[in-house]
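The values are calculated or read from the model by the stated rules, or taken from the named source; none is laboratory data. Quick caveat, the model's predicted, so the values are computed rather than measured. Note: ideal-geometry Cβ built from the backbone for every residue, glycine included; neighbour counts use all protein chains shown.
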Amino acid sequence: MKYRILWFIIVIPMLTGCWMSNQLDSQNHHNSGKDLSPKEVEGPYLSSLNKEITVAAIGDLLIHSRVYDDAWNGENYDFTSMLEPVAEYLEQPTITMANQESIMGGEEIGLSNYPQFNSPFELADNIKKMGIDIVTMANNHTLDRGEQAIDNAIEHYEKIDMMYTGSFKSEADKEEIRVIETTEGISVAFLSYTYGTNGIPVPNGKDYLVNMIDRKIIEKEVNKAQNSADVTIVSYHFGQEYQRTPNQEQKDLAQFTADLGVDVIVGHHPHVLQPIEWLEGKDGNQTLVAYSLGNFLSGQYELYRRIGGILEFKVSKETKGESNIKIHSPSFLPTFVSFERSGEMLSNIEVLPLKDVDDNQLSNASGYFEEMKKHLSQNVDHLKFIE
Ligand SMILES: [Zn+2]
């Protein structure tokens, strides 16, 4: 079933003067998680000729024990202060998506670190509050802690009304393509696939637990998504760890996906940023490709693994008879995971816009900012950087 906002749910509280967007948490109806401004609410009553939304994507949330240890405040886990410096960039876009690399199975099965991660539920609560609308779950760590961790994660996402894709609780759940219908009248579908699961076999007859990269299945699901939404975004967990440029396998799969007419490809797994580009599909369509968005929040130490970012792009819908969808104006905010380190302990972890990092936090910060701009835009003519 598609996630739709029913207008009467929105209009009635407006008329009665008690507008509360968080009332829209019914399982079958989904809003973008953002407070809807009066202008946005008026959307359907305005001319339907031109609509525009902003979509944003962040890379890996990879929660090492040194990250959740720093989030522990004596009572519970709280990642808010880590993400606060970038909160406005997560909140502002109409839709923001994140890759939840470490499975969120919660404390009841025991939190754990690399190589078999398990993260606390509070992270989901915190990112939801900060404006993340959907998490992609198909990663090489999805099966790290077995079926129980997946069940727990999904149960918690459902509880807080966080949309998820790439890992499912049943075949029927997997069949339901995730679509966000925005108040602007633009619908966006999300698919997510991984290259593998760290050698952990998928339990027999339970392929729905994690979406693997399989071109036949991808083609089928992309077709379904394209019939359900204006825009289709495919997330791939692929590539070589720590490689700063995409390998041939990534390029081939991206071209295959562009040929299917997918609008945007969001990649992750290498833990470092890889260049952004446009690919032309076989029908002449343009596909925006971010091969790897790097780590957004992790406990990795090496410099390039601490630089990630927020990809943003606009989606315009022009309706003159037939609807015409255009993805345009990609922009990027490079980010940096700042922390103080003492042995294997980290403290004061913060995700900062790289543009705001000073030389005490990272020596030659402005030099790295310039380097990232060049690196990301080497294959694209117009990539704006948020400065
Ligand atoms: Zn990975």
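Among what's in region 259-269 and is more than 19 Å from the chain's Cα centre (by Cα) and not charged (D, E, K, R), pick the residue that is farthest from the ligand (Cβ to nearest atom).
G261
Looking only at region 117-156, count how many residues are among the small types (G, A, S) and not in a helix (DSSP H, G or I).
Residues meeting the conditions: 3.
Quick test for you: out of T94, T142, pick the one residue that is surrounded by 17 or more Cβ atoms within 10 Å (Cβ to Cβ), polar (S, T, N, Q) and either at pLDDT below 95 or away from the ligand (no atom under 16 Å from the Cβ) (or both).
T94
Which one of L297, L293, L303, L273 is out of contact with any Pro (no Cβ under 6 Å at 6 or more places or on another chain), more than 16 Å from the ligand (Cβ to nearest atom) and in contact (Cβ under 8 Å) with a residue 24 or more places away in the chain?
Going through L297, L293, L303, L273 in turn, just one is out of contact with any Pro (no Cβ under 6 Å at 6 or more places or on another chain), more than 16 Å from the ligand (Cβ to nearest atom) and in contact (Cβ under 8 Å) with a residue 24 or more places away in the chain: L303.
The rows are residues; the columns are (1) touching a helix residue (DSSP H, G or I) at 6+ places or on another chain (Cβ under 8 Å); (2) of a type in the set (A, V, I, L, M).
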{"site": "L191", "(1), (2)": "yes, yes"}
{"site": "N204", "(1), (2)": "no, no"}
{"site": "I213", "(1), (2)": "yes, yes"}
{"site": "V222", "(1), (2)": "yes, yes"}
{"site": "Q243", "(1), (2)": "no, no"}
{"site": "P275", "(1), (2)": "yes, no"}
{"site": "W278", "(1), (2)": "no, no"}
{"site": "G284", "(1), (2)": "no, no"}
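Please work out if H237 is on the phi > 0 side of the Ramachandran plot, within 16 Å of the ligand (Cβ to nearest atom) and modelled with pLDDT of 95 or more.
Answer is no for this residue.
Could you please give the count of residues in region 242-257 that are surrounded by 24 or more Cβ atoms within 10 Å (Cβ to Cβ) and either in contact (Cβ under 8 Å) with a residue 60 or more places away in the chain or more than 16 Å from the ligand (Cβ to nearest atom) (or both)?
The qualifying residues number 1.
Against the definition (more than 16 Å from the ligand (Cβ to nearest atom) and more than 16 Å from the chain's Cα centre (by Cα)), how does D151 come out, yes or no?
Judged against the criteria, D151 is a match.
Just one of E318, E312 is surrounded by 18 or more Cβ atoms within 10 Å (Cβ to Cβ) and assigned to a strand (DSSP E or B); which is it?
Just a single option satisfies the conditions, and that option is E312.
Would a scan of region 68-83 turn up a residue that is among the polar types (S, T, N, Q), surrounded by 20 or more Cβ atoms within 10 Å (Cβ to Cβ), modelled with pLDDT of 95 or more and more than 16 Å from the ligand (Cβ to nearest atom)?
Scanning region 68-83, I find no residue that is among the polar types (S, T, N, Q), surrounded by 20 or more Cβ atoms within 10 Å (Cβ to Cβ), modelled with pLDDT of 95 or more and more than 16 Å from the ligand (Cβ to nearest atom), so the answer is no.
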